[in-house]
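Notes to accompany the following structure.
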Amino acid sequence: MSTAASHPAITGVDFVTVPSTDLAASSAFYRDVLGLRRSVYVPDRHFSEYEAGSLTLSVINSTGMGFEHYVNHNPVALHVDDVAAARAALEAKGVAFHGDIVDTGVCHMAFFADPDGNALMLHHRYAPRVTEPA
């Protein structure tokens, strides 16, 4: 049996859902503080979407959509060219970061959260990524 026939043809990720209790406050944060382009805003259907390069962040009012609200503690890594400069710009807008900038030896990371407490990270890879052999 061929591999193609036994696995779905997943070609990418269309969006990542970010839960919110206050769609208007989240909109102000993702659009005005982070500077992401808002591509969709449908408050009567409890969602809005923000473009972050090749990934869409779909911010939803969970309870408005009939789901339980859970804060995401696993950060979405937002690519920036300079983590220190991006962090300073966000701190100037009132964003609080958790700890210092982390240097892993291949990337820089700075951790923070949105108004609902969802984990986010500024990220920049400065060394080649090592991948497993196919």
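The table that follows gives values for the structure above.
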quantity	calculated
Relative exposure of R125, R37, R31, judged by other C-beta atoms within 10 Å (fewest first)	R37, R125, R31
H69-A89 pseudo-label distance in nm [points 7 Å out on the Cα-to-Cβ vector]	2.9 nm
Gap separating the Cα centres of region 70-85 and region 1-63, nearest whole Å	15 Å
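Since every read-out is calculated from the coordinates, none of them should be taken as a lab result. Remember, predicted model here, so these are calculated numbers, not experimental data. Every residue, glycine among them, receives a Cβ derived from its backbone with ideal geometry; neighbour counts consider all protein chains shown.
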